[in-house]
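The values are calculated or read from the model by the stated rules, or taken from the named source; none is laboratory data. Just so you know, these numbers come straight off a predicted model, no measurement behind them. Cβ coordinates were reconstructed from backbone atoms using ideal geometry, including for glycine residues, and neighbour counts include every protein chain displayed.
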Amino acid sequence: MPRTNFQDLLDAGVHFGHLKRKWNPNMAPFIFMEKNGIHIIDLQKTIVKIDEAANAIKQIAKSGRKVLFVATKKQAKDIVSDLVGGVNMPYVTERWPGGMLTNFPTIRKAVKKMMSIDKMTKDSAWDVLSKREKLQISRQRAKLEKMLGSIADLTRLPAALFIVDVLKEKIAVREAQRLGIPVFAMVDTNSQPEGIDFVIPANDDASQSISLIVQVMTDAIREGLSERKVEREKEGDEKEPSVKARRAKVADSHASPVPDDDEDLDDEDLDEEIDE
């Protein structure tokens, strides 16, 4: 069963592309028609591509890996931070920090610096700093939070990227491609689909269109996380009896031998007791 339907996509304006003169010819397979100088996206193909992307993202979440969402355009920021934050996935909604992926160790250092500032503010040494020093450090912390806040828990490279607008986020796309990290993306009629692993032909400007597609992706992630939890609990239940059995076996092997009541004493032992 498809994760969305034609009417929902239509209502959200997912089908509206860009002006014909701005189109990218490589998007031709996903264009249904031209109307009043604007390309109309083939929503039947969008439905198929949404399902393919959602199923793949679900498997990534189920494996315990992270999908990094990138959406720095104004109309996408709040949508992504609300929906993606709800499934505990990292996201970038401010300016993409150059080298975020290709120079990941440096980004991690910046995250550690932010954490060290947090630790400092709780330490007694913070009280002896001047107001000016505190203000400078607080501003530095705010700047780091704005840039890195949502990726503070990202201890390793993400398993995939989800991009709302590949034209605007071209640096992020390029870094992911250099490292062989799969890219999922909403691709409008003016964008380049080549090099994108999971193309979702869609209007990447309308907030309703962005919201609908990101919602489908986060629902898929939620499914994957739920299935992962169930499987881990099942594995734990299966391991428990075997662990108990091994413990019992070890305990038996170390237990003192108990004489059988039927053996009692042999004849020699009996003679010794009589003599006594």
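Scanning the range 19-26 turns up no residue that is assigned by TED's automatic domain parsing to the domain that holds GLN192, within 21 Å of ASP51 (Cβ to Cβ), in contact with a Ser or Thr (Cβ under 6 Å, 6 or more places away or on another chain) and modelled with pLDDT of 95 or more. Could you say whether any residue in the range 135-156 is charged (D, E, K, R), surrounded by fewer than 15 Cβ atoms within 10 Å (Cβ to Cβ) and closer than 22 Å to ALA61 by Cα? Yes; the residues of the range 135-156 include at least one that is charged (D, E, K, R), surrounded by fewer than 15 Cβ atoms within 10 Å (Cβ to Cβ) and closer than 22 Å to ALA61 by Cα. Here the condition is being under 30 Å from ALA202 (Cα atoms) and exposed (fewer than 12 other Cβ atoms within 10 Å of the Cβ); of ARG132, ARG178, it holds for ARG178 alone. Being over 30 Å from LEU148 (Cβ atoms) and either touching a Pro at 6+ places or on another chain (Cβ under 8 Å) or not small (Gly, Ala, Ser) (or both) is true of ILE40.
Modelled with pLDDT of 95 or more and farther than 30 Å from THR46 by Cβ: which single residue out of THR102, THR106 fits that description?
Matching residue, one of THR102, THR106: THR102.
Within the range 188-221, the residues that satisfy the criterion of being more than 20 Å from VAL48 (Cβ to Cβ) and touching a Gly at 6+ places or on another chain (Cβ under 8 Å) are ASN190, ALA206, GLN208.
Out of all the residues in the range 128-147, which are part of a helix (DSSP H, G or I) and more than 31 Å from the chain's Cα centre (by Cα)?
Residues satisfying the conditions are VAL128, LYS131, ARG132, GLU133, LYS134, LEU135, GLN136.
The set of residues in the range 155-214 that are of a type outside the set (A, V, I, L, M) and under 20 Å from ASN103 (Cα atoms) comprises THR155, ARG156, PRO158, PHE162, GLU169, LYS170, ARG174, GLU175, GLN177, ARG178, GLY180, PRO182.
Name the single residue, out of those in the range 59-80 being small (Gly, Ala, Ser) and crowded, with 17+ Cβ neighbours inside 10 Å, that is nearest to the chain's Cα centre (by Cα).
Filtering the range 59-80 for residues that are small (Gly, Ala, Ser) and crowded, with 17+ Cβ neighbours inside 10 Å, the one nearest to the chain's Cα centre (by Cα) comes out as ALA61.
Among the residues making up the range 1-37, none is buried (at least 16 other Cβ atoms within 10 Å of the Cβ), closer than 18 Å to LEU167 by Cβ and free of Cβ contacts under 8 Å to residues at least 40 places away in the same chain.
Suppose we filter ALA159, ALA220, ALA172 for residues that are touching a Leu at 6+ places or on another chain (Cβ under 8 Å), of a type outside the set (Asp, Glu), crowded, with 16+ Cβ neighbours inside 10 Å and touching a residue at least 60 places away in the same chain (Cβ under 8 Å); which single one remains? Of the residues listed, the single one that is touching a Leu at 6+ places or on another chain (Cβ under 8 Å), of a type outside the set (Asp, Glu), crowded, with 16+ Cβ neighbours inside 10 Å and touching a residue at least 60 places away in the same chain (Cβ under 8 Å) is ALA172.
For every residue, the table says whether it meets (1) under 21 Å from the mean Cα position of the chain (by Cα); (2) under 30 Å from GLN192 (Cα atoms); (3) charged (D, E, K, R).
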position: GLY99; (1), (2), (3): yes, yes, no
position: SER116; (1), (2), (3): no, no, no
position: ASP123; (1), (2), (3): no, no, yes
position: LEU154; (1), (2), (3): yes, yes, no
position: ILE163; (1), (2), (3): yes, yes, no
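Can PHE69 be described as closer than 23 Å to ALA176 by Cβ and touching a Phe, Trp or Tyr at 6+ places or on another chain (Cβ under 9 Å)? Against the criterion (closer than 23 Å to ALA176 by Cβ and touching a Phe, Trp or Tyr at 6+ places or on another chain (Cβ under 9 Å)), PHE69 qualifies.
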